[in-house]
Amino acid sequence: MERACAGAKARAGTSAVACAVACSRSDRRTGSCRARAGRPTRLWEVGGGRGESSFARRASTESPSVSAKGGREEEEEEDDLRVAFVERKTKETSVFVKINLDGTGKCDCASGVPFLDHMLDQIASHGLFDVEVKAEGDIWIDDHHTTEDIALAFGQCLSRALGTRAGIQRFGDFSAPLDEALVHVVMDLSGRPHLSCDLEIPAERIGTFQTEMVEHFFQSLANTSGMTLHIRQLAGKNSHHIVEATFKAFARALRQACSPDPRRQGAVASSKGVLTQS
Ligand SMILES: [Mn+2]
């Protein structure tokens, strides 16, 4: 059984392994595997290779009118899922991230940084992604390396789960309130890493979490995912509220950007024809 994982080095001195899986029943022999949202994934049983996402084809059959009737490719569609995982090890951290873009909002996160777990839960539950994060980092120093490396792995994982990015909405825009806080997030899954972040977080720390790491988290994620990301705080006084509103808005914007655009019929949403980084 083929197990073709693409190595990647997000940072000098780093070894990272990332796999995305995208297949239909017809190409399961290649070792890639998908399972439909809500069904148990067989990712680990069969491994996977860097998938040319079958989402393009799936997107073309996913318009409500077709899927409601049980489309002609229903059998193959059953096995389609945008899932990827990344393992990343350095002398500072050991990180595992797995994302199912078509999940149900399940979060299984143990980063060693409690507030970050709370924020990853926001991404999962409001993005309706299944997110698994396991990390062992040098948190006896501080939360910096662990937070950064999770973000780098998350971004890489996201990019792999998206495959060619064909058939998706590409853009996402959401403003989330949390009591007095209001944060606006706009993104473009363009393949072009960029972050503009305008947050004024009064507290230096929330729990053990250094609030300056919010921007660093999103910068790292934008770099490895190939995402243009703008974050604007429109209101807010309470640090916890501001950061949580940011992650909620990010989650909803990402959910929107990753979601299928049936009118694209599986085409890449770019006049250039390409949205990936390489
Ligand atoms: Mn850093």
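The values are calculated or read from the model by the stated rules, or taken from the named source; none is laboratory data. Note that the structure is predicted; figures quoted are calculated from it, not measured. Methodologically, a virtual Cβ is constructed for each residue, glycine included, from the backbone with ideal geometry; neighbour enumeration extends over all protein chains shown.
Points to keep in mind about this one:
- Hits in the range 143-172 (condition: within 16 Å of the ligand (Cβ to nearest atom), touching a strand residue (DSSP E or B) at 6+ places or on another chain (Cβ under 8 Å) and of a type in the set (A, V, I, L, M, F, W, C)): Ile150, Leu152, Ala153, Phe154
- The one condition in (1) away from the ligand (no atom under 16 Å from the Cβ); (2) free of Cβ contacts under 8 Å to residues at least 12 places away in the same chain that Asp188 fails to fulfil: (2)
- In this structure, Arg252 does not satisfy being out of contact with any helix residue (DSSP H, G or I) (no Cβ under 8 Å at 6 or more places or on another chain), more than 21 Å from Gln277 (Cβ to Cβ), of a type in the set (Lys, Arg) and more than 16 Å from the ligand (Cβ to nearest atom).
Matching residues to (1) within 16 Å of the ligand (Cβ to nearest atom); (2) more than 17 Å from Ala257 (Cβ to Cβ); (3) among the β-branched types (Val, Ile, Thr):
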{"site": "Gly112", "(1), (2), (3)": "no, yes, no"}
{"site": "Glu136", "(1), (2), (3)": "no, yes, no"}
{"site": "Ile141", "(1), (2), (3)": "yes, yes, yes"}
{"site": "Phe174", "(1), (2), (3)": "no, no, no"}
{"site": "Val183", "(1), (2), (3)": "no, no, yes"}
{"site": "Glu200", "(1), (2), (3)": "no, yes, no"}
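- The test for being surrounded by 21 or more Cβ atoms within 10 Å (Cβ to Cβ), of a type outside the set (Lys, Arg) and modelled with pLDDT of 95 or more holds for Phe247.
- Test: Ser270 is more than 16 Å from the ligand (Cβ to nearest atom) and modelled with pLDDT of 95 or more: no
- Some residue of the range 237-253 being touching a Lys or Arg at 6+ places or on another chain (Cβ under 9 Å) and within 21 Å of Pro114 (Cα to Cα): yes
- Test: residue in the range 123-134 that is among the hydroxyl-bearing types (Ser, Thr, Tyr) and surrounded by fewer than 24 Cβ atoms within 10 Å (Cβ to Cβ): yes
- Within the range 98-126, the set of residues being aliphatic (A, V, I, L, M) and either farther than 21 Å from Val214 by Cα or within 12 Å of the chain's Cα centre (by Cα) (or both) comprises Ile99, Leu101, Leu120, Ile123, Ala124.
- Condition broken by Val86, with the remaining ones in (1) buried (at least 24 other Cβ atoms within 10 Å of the Cβ); (2) over 12 Å from the mean Cα position of the chain (by Cα) satisfied: (2)
- Residues in the range 199-226 that are touching a Lys or Arg at 6+ places or on another chain (Cβ under 8 Å) and touching a residue at least 60 places away in the same chain (Cβ under 8 Å): 1 in all.
Table: residues versus (1) at pLDDT 95 or above; (2) within 16 Å of the ligand (Cβ to nearest atom); (3) not in a loop (DSSP other than H, G, I, E, B).
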{"position": "Ala203", "(1), (2), (3)": "yes, no, no"}
{"position": "Phe218", "(1), (2), (3)": "yes, yes, yes"}
{"position": "Leu234", "(1), (2), (3)": "yes, no, yes"}
{"position": "Val243", "(1), (2), (3)": "yes, no, yes"}
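- Checking Asp143 against (1) over 14 Å from the mean Cα position of the chain (by Cα); (2) surrounded by 18 or more Cβ atoms within 10 Å (Cβ to Cβ); (3) farther than 19 Å from Asp117 by Cβ, the condition it does not meet: (3)
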